[in-house]
Structures are given as C-alpha cells and as structure tokens.
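Q: Have a look at the structure that comes next, please.
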Amino acid sequence: MIKKYVFGQPLETGAAVLEIPASTDTCSLMRLTQSEEGVSLFYRMEKEDVLYGLGEQVRGINKRGFSYISDATDDPIHTEGKHSLYGGHNFLIISRRHKPSFGIFIDNPGKTVFDAGESKLDELRIQTGCDCVIYTVEGESLKEIAKQFRELIGQSYIAPKWAFGYQQSRWGYESADDVREAVSGHHGHGIPLDAVYLDIDYMERYKDFTVDKEKFPDFPEFVSEMKERGVHLVPIIDAGVKIEEGYPVYEEGVRENYFCKDENGNDFVAAVWPGKSLLPDMLNSKAREWFGSKYKWLMDQGIDGFWNDMNEPAIFYSEVHLKKVMDEVISMKDENMGLHEFFHLKGLVEGLSNNPEDYRRFYHNMDGVKIRHDKVHNLYGCYMTKAAGEAFDKIAPDKRTLLFSRSSYIGMHRYGGIWTGDNASWWNHLLLSIQQMPSLNLCGILYAGSDIGGFGCDATQDLLMRWLEFGIFTPLMRNHAAAGTRPQEVYQFENIPDFRNIIRIRYGLLPYIYSEYMKAVFDHEMYFRPLAFDYPFDAHAPYVEDQLLAGESIMIAPVYRQNASGRYVYLPEEMMMVRMKSLEEKHCEVLKAGHHYVDIALNETVFFVKKNHMLPLAVLDDDIRNISGIDKNRYEWVGFAEDKAEYVLYDDDGMSKNYTPKEQWTKVTRSVNELDVTV
Ligand code: MIG
C-alpha cells in the first residue's frame, strides 16, 4: 500500500509514474512535522531495525549509524566521512523485526538530509524542503515493499545486450591508434571485449558533439572498423557547453536562450573541461529536446552508446565567484600574513569548485517558471539523461542505445543506468561497490557498475583480479582508470591467462546475467539483493554486509581484502558452492547452512547456487571475441537439486525493442541426473 503526502507546492519531478491521490490522514509510520525550515520526519528505531536504500552513498548496506545528504556532488574522494556522492536517491526501507517494515520516499530534488542514527543511535531524522511529496510504502515483506516502490517509479532502463559484455575504458586514449591498441591488446590474448570508451580526449577542445579530426581522422570509418572487430565505441558527453564563437552548439543555445541564466537574465558562465562554458537548461523541455537532438550527429556516424558526465553539474569555478575570490585575495596581499589569514586564503581557493553559493547563483526556466538551481539541484543529471533517452526514442526508435550517467535522481532509471563515479584503486572501494549495488537496485537503477580496478590511484594486479571476480556479476562491467594512473587494461599485468579466464567466465554467465536483469526489469525486482530480502526469517542475514544475491539462483561472496587467501561466508541455507579456475574447470561442493571459511585463491571465482535452483552457463569457443560468439544451443546447466530444479530463461535479440512476451519465456526443468554441472 502506497500513501502520498503533499507539502507546499512541490514541483513535478517525474520520479513517480503512478497516479496516487494525496492522503489527508496523518502519517502513522513516522512523525511528520512542518515548519518554516521545511518538512522533518522522525522515527525512533528499535535495536534490530535495519535501514536499506539511499542508492549511491558511502558506507554499508545497512545505512544505520551515519548521516547522508542528497546533494549531488562531484567529489572524487569517496571516503566514509563523506555525506554526498553524485546522486540523490531518497528512498529508504525501515526493516523491522517485530513490526511490519515500510519504505519512505522523499520526492524533493533540493537538499535532503538523512540522519540515520548518527546524532543519536536510535533516532532517524529526515530533513527536507518545504515543498515536497512524501510517499510511504507498506507491504508484506522487504521484497514486496521494494516491488511496490518500483511500480511507483516505473520500469527500469533496458540496455542493449552487448553492454553486458566486457568493456574497457581509460581517460587518456588520446587517438584512434590508442583505441586500436586497446582492442588488439585484448584480442591478442584471446580476451573477449564488447566496447571501448572514448573519454573527453576524443573531442575537439572538449566541445560536446565534436570529434578531434587530427586524433580521430575519418571518425565514421573508424567506428565501423571497430564494429567489424566486434567493438562498440562509447563516447562521453559532458554537461557544460564551451563558449566559442562559431561553435554551433554554443551559438544556437545562446540564440534560443537554452542555457541557465544568472539573476539578471544573462547566461551563467562556469568553467569546466572546455574552459568557460554554459550549462544547458536541462529543466526546460525545449532546451532538453534541443540538447538531446545533438546526440544524433554521433549516432549518424555509427555510435550507439553514451555516458553522461559532469552533470551534478560539476563547476570548477564560476566567473562571478572567481572574481570575488580574486578581489579578496589581492586585498589580502600582505607580507606578514598571519596563520588565520593564510588558512582563510587557502579555503577561498579550495572552495572555488562546486561551491554551494554558485548553485544559488543560476536559474532554470522550467517551462515558464523561473526556479533557482539549488531547489532542483539533484535533477540536473537526471534530466540531462532524460534529454538523451527521449531523443534516442526519436532518433533510433526501434533500437536500444546504451546510456548511463554520473549524476542521477530517482526516475532517471527509466532512461539509463549509472556508474559509481571516481572511486580509487583501494580495497575498501571494492567493498563499497559491492555494498552500493543493492541500494541502487532498490532505487530502480539496475544497469550499474563501478570503475573496475578503481579510477584514481594505481591498481595492482591482485586488486584488479579480485575486483573483476566481483565485476563479472555486475550488469555494467567496465574497467576504467584516470589519466596519469598506471595502465589498467588486464593485459598490462602478469598472469594474463588468469584475467582471460575470469573474463571468459563472465561471458559464460552472460545468458544468466542478461536473463536475470531482464526479468528484474519486467517484474520490478532487484537483481542484486541483500541477504535479508530472500531470507527474512534468518536472524543473521540482516547483518551480512559483504554478500549478495545476484539474480534468483545464486549468492556471491567476493573477496575484497588485500592478501586474503579466502574469506568467511555465511550460508542462510544449504547451498552448492561452485569454484572455477576457468569456465572449463569447475568444482562443486555442498556446504551446510552456517558460517564457513572458504579458501579462494587469487585466480578463482566462487559462487553459491541456492537449493533447487540452476542457471545456464554458455560453453564458449576458445576464440570468442564478443557476445555474438555465445551460442544459444550450447548451454551447460549448473544446478543444485534434491530431485529437480527449474529456471525461467529470458532471451531476445538484444538489440531491438521486441522484447519476448512473458508467455514465451522459456521454462527449463532438469532433474538431478540431467544437470551438467552439479555435485
Ligand atoms: O573531472 O572525463 O567521473 O570517469 O574519466 C573529471 C574525465 C572528469 C570524471 C568522470 C571520469 C572521467 C573524467 N571525468
């Protein structure tokens, strides 16, 4: 049951798709109070209550014990003291042991603070703006609450099937030859690859919808050369548009008033990668339509996937703010500067980027209504992605286009996925990425993944290998690294055959991963789930922070610690452990319910099959290059059955929007002795 409470005059964000009449009764689940500062919600937590949700955030699966602020921020240091990352995902489930659990969604694109027991261990306090819609979701179980919420916000985005293959990226592929080298590097070692990303380096002076002709001569030709080698190219699109006379995107946007304005109605100037730039008014439907239509230029050259970046929006500095700071710095010029002044100076300079004041300095024209940016801040990246998604429906209506974004808000999951931004090559970021996945799925974002190996800092071979052993289960499986870091393509390390084996296991698992992803889309379910969602009566499950259910048949327990030879795994029920050195070398063993220490060598992948469940594993040719090499008629069935197991396999052409109707999903049944891989 969903209830809706309306406060003030909320803006239509588009997060919810179901029409629900506003409730007039008082909310009995949380104490809701209204004041001049906004709406606050209070709930006293019982000792056993667990909080799930909030999408892309720091810390654990259970959000209890810290505060989180929905305030999209381009902050590349995701340490556990940070309160905001790139998204605004205001959905939380309060899981209660002795009373029915419930969910709460705050639909307000301005700042919202969730003090989830940081100030006081047993108090949950949520503070949001005056104008908002609050939904409460009650249901029989965690799964049921999650599903109702997902119905409220609408069906998740469907990526093309090739986007489930292995993908390679790097900020610093400077030319077509760099990209060719990355492709050959993989193929030369027999490693399949479905896509290579083009970071800002491909553009002409970082101008959106341009390609540098010197570094990438004859771009359409290059795109098709890559397609022939089985590789899709995925260019980045940044939010800011360069100010440059003669650059059509800039000139058209200025002429049509498609950019965000300052208080006086002049274009608001902010510096990002292209230098001084203007921000397209993504909240204006005409500007959105216009910006979206620009993607066509690249699509006409054969591009069928994009990633949207810098759309919090990130601001290195604004023209006005820089001037203010410079004036102050100059006025401080003093040989005998005291320490106090010195730190003030330092703060001034450091505060130039992504400054909260700047977000109050520009305005949107929300189809006739002037609205200050900070009130809708968390919607910017979401609406940039909506702009692209809606444009794709017109430009290539029958085809799926890959799309994901850095910044997001609930509702964006209908247009694209996300990647979790600038993590680092740190072991604890591998754990963080494991913990973020179910929270994102809860908010509808199914197509998601982290930069495998870590974006910032130098990856080591063991970290990359362990990260891949988790990454083979994430729908978006992309290795990406920052400019200036150690080369991170798997073939840059030792033991390349081990890397090859892991990536081939992904391709073996692909029919299952794709099937589970699509079923999660159609049934409004989560692909990644915390253990308590499947084992609601298990007393220990709510406290397991480093294991996930991935699809309906398996549980994963990745190794995420440096030098670990294995790890403790908790089994809520008896399961079959599958241990793989390669797709061809599998070993199965039944483990009883309870705690186990499992040895997992660096080059081994392990997962656990639930009882009376099974999954398909594609048998691959030795020279498979990308997903097109997966043969639908050569699946092995891996299962753990008392007498028989059943699996509903979803498949389609992976490219068109002719999804297989539910009545035609293939139900596969195998009795114990018909399983190919079992104990
Ligand atoms: O300020 O385009 O998160 O993936 O490689 C950095 C360069 C801008 C941030 C993205 C990252 C990308 C990088 N971008």
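Q: Hey, can you tell me all the residues within segment 290-314 that are assigned to a loop (DSSP other than H, G, I, E, B) and not small (Gly, Ala, Ser)?
A: Passing the criteria: Lys294, Tyr295, Asp300, Gln301, Ile303, Asp304, Met310, Asn311, Glu312, Pro313.
Q: Now, a different point. Sort through Asp652, Asp621 and tell me the only one that's more than 31 Å from the chain's Cα centre (by Cα), assigned to a loop (DSSP other than H, G, I, E, B) and not basic (Lys, Arg). If you could, list the steps in order and put the result at the bottom.
A: On the way: Asp652 fails: more than 31 Å from the chain's Cα centre (by Cα).
Only one candidate passes the filter, namely Asp621.
Q: With within 25 Å of Ala72 (Cβ to Cβ) and either touching a residue at least 24 places away in the same chain (Cβ under 8 Å) or buried (at least 21 other Cβ atoms within 10 Å of the Cβ) (or both) as the only criterion, which of Trp290, Trp297 stands out?
A: On the way: Trp297 fails: within 25 Å of Ala72 (Cβ to Cβ).
Unique residue meeting the criteria: Trp290.
Q: Take Ile502 and tell me if it is open to solvent by less than 30 Å² (accessible area, probe 1.4 Å), among the β-branched types (Val, Ile, Thr) and over 30 Å from Ile94 (Cβ atoms). Please lay out each step first, then the result.
A: Numbers: open to solvent by less than 30 Å² (accessible area, probe 1.4 Å): yes; among the β-branched types (Val, Ile, Thr): yes; over 30 Å from Ile94 (Cβ atoms): yes.
Considered against the rule, which asks whether it is open to solvent by less than 30 Å² (accessible area, probe 1.4 Å), among the β-branched types (Val, Ile, Thr) and over 30 Å from Ile94 (Cβ atoms), Ile502 comes out as yes.
Q: I need the full set of residues from segment 354-374 which are touching an Asp or Glu at 6+ places or on another chain (Cβ under 8 Å) and surrounded by 15 or more Cβ atoms within 10 Å (Cβ to Cβ), in order please.
A: The initial filter retains those residues of segment 354-374 that are touching an Asp or Glu at 6+ places or on another chain (Cβ under 8 Å), namely 354, 356, 359-365.
If the condition is that a residue be touching an Asp or Glu at 6+ places or on another chain (Cβ under 8 Å) and surrounded by 15 or more Cβ atoms within 10 Å (Cβ to Cβ), then Asn354, Tyr359, Arg361, Phe362, Tyr363, His364, Asn365 are the ones that fit.
Q: Can you pull out the residues in segment 59-81 that are assigned to a loop (DSSP other than H, G, I, E, B), open to solvent by 10 Å² or more (accessible area, probe 1.4 Å) and β-branched (Val, Ile, Thr)?
A: Selection gives Thr73, Ile77, Thr79.
Q: Then there is this: Looking at Gly253, Gly265, Gly275, Gly240 in this structure, which one is within 16 Å of the ligand (Cβ to nearest atom), farther than 24 Å from Pro220 by Cα and over 24 Å from the mean Cα position of the chain (by Cα)?
A: On the way: Gly253 fails: within 16 Å of the ligand (Cβ to nearest atom); Gly265 fails: within 16 Å of the ligand (Cβ to nearest atom); Gly240 fails: over 24 Å from the mean Cα position of the chain (by Cα).
The conditions single out Gly275.
Q: Could you list, ordered by first residue, the pairs with Cβ atoms under 6 Å in which the first is in segment 63-74 and farther than 20 Å from Pro438 by Cα and the second is away from the ligand (no atom under 16 Å from the Cβ) and of a type in the set (D, E, K, R), at least 6 apart or interchain?
A: Going by the 6 Å Cβ cut-off, the qualifying pairs are Asp71/Lys111.
Q: Let me ask something else. Of all the residues that make up segment 197-233, how many are assigned to a strand (DSSP E or B), closer than 27 Å to Asp281 by Cβ and away from the ligand (no atom under 12 Å from the Cβ)?
A: Here the count works out to 0.
Q: Scan segment 84-101 and give yes if some residue there is part of a strand (DSSP E or B), open to solvent by less than 10 Å² (accessible area, probe 1.4 Å) and β-branched (Val, Ile, Thr), otherwise no. Reasoning before the result, please.
A: First pass over segment 84-101, keeping only residues part of a strand (DSSP E or B): 87-88, 91-95.
Subset that is open to solvent by less than 10 Å² (accessible area, probe 1.4 Å): 87-88, 91-94.
Pick out the ones that are also β-branched (Val, Ile, Thr) and you get 93-94.
There is at least one residue in segment 84-101 that is part of a strand (DSSP E or B), open to solvent by less than 10 Å² (accessible area, probe 1.4 Å) and β-branched (Val, Ile, Thr).
Q: For segment 475-576, which strands (runs of 3 or more DSSP E) that fit wholly inside it have 1 or more residues that are closer than 21 Å to Cys443 by Cβ? Even if it seems obvious, please write down each step before you answer.
A: On the way: elements: 477-479, 548-550, 554-556, 566-571.
Of the strands (runs of 3 or more DSSP E) lying wholly inside segment 475-576, those with at least 1 residues that are closer than 21 Å to Cys443 by Cβ span 477-479, 548-550, 554-556.
Q: Looking at Phe528, is it open to solvent by 10 Å² or more (accessible area, probe 1.4 Å), of a type in the set (Phe, Trp, Tyr) and either at pLDDT 95 or above or in contact with a helix residue (DSSP H, G or I) (Cβ under 9 Å, 6 or more places away or on another chain) (or both)?
A: On the way: open to solvent by 10 Å² or more (accessible area, probe 1.4 Å): no; of a type in the set (Phe, Trp, Tyr): yes; either at pLDDT 95 or above or in contact with a helix residue (DSSP H, G or I) (Cβ under 9 Å, 6 or more places away or on another chain) (or both): yes.
So Phe528 fails the test.
Q: Further question: Return the only residue of Leu446, Leu468, Leu442, Leu432 being away from the ligand (no atom under 16 Å from the Cβ) and either open to solvent by 10 Å² or more (accessible area, probe 1.4 Å) or closer than 21 Å to Arg561 by Cβ (or both). Quick ask: steps written out before the conclusion?
A: Numbers: Leu446 fails: either open to solvent by 10 Å² or more (accessible area, probe 1.4 Å) or closer than 21 Å to Arg561 by Cβ (or both); Leu442 fails: either open to solvent by 10 Å² or more (accessible area, probe 1.4 Å) or closer than 21 Å to Arg561 by Cβ (or both); Leu432 fails: away from the ligand (no atom under 16 Å from the Cβ).
That would be Leu468, the only listed residue that is away from the ligand (no atom under 16 Å from the Cβ) and either open to solvent by 10 Å² or more (accessible area, probe 1.4 Å) or closer than 21 Å to Arg561 by Cβ (or both).
Q: Among (1) open to solvent by 10 Å² or more (accessible area, probe 1.4 Å); (2) touching a Leu at 6+ places or on another chain (Cβ under 8 Å), there is one condition Tyr597 misses while meeting the rest; what is its number?
A: Evaluating Tyr597 over (1) open to solvent by 10 Å² or more (accessible area, probe 1.4 Å); (2) touching a Leu at 6+ places or on another chain (Cβ under 8 Å) leaves (2) as the failure.
Q: What pairs come up if the first residue lies in segment 447-465 and is farther than 19 Å from Gly165 by Cβ, the second is of a type outside the set (D, E, K, R) and assigned to a strand (DSSP E or B), and their beta carbons are under 6 Å apart, counting only those six or more places apart or on different chains?
A: Taking only residues 6 or more apart or on different chains, the pairs are Gly454/Ala424; Gly456/Ala424; Cys457/Ala424.
The values are calculated or read from the model by the stated rules, or taken from the named source; none is laboratory data. Because the structure is predicted, anything quoted here is derived from the model rather than measured. Virtual Cβ from ideal backbone geometry, glycine too; neighbours counted across all protein chains shown. We work out accessible area using only protein heavy atoms, side chains counted, and drop any ligands, DNA or RNA first. Shrake-Rupley method; radii C 1.70, N 1.55, O 1.52, S 1.80 Å.
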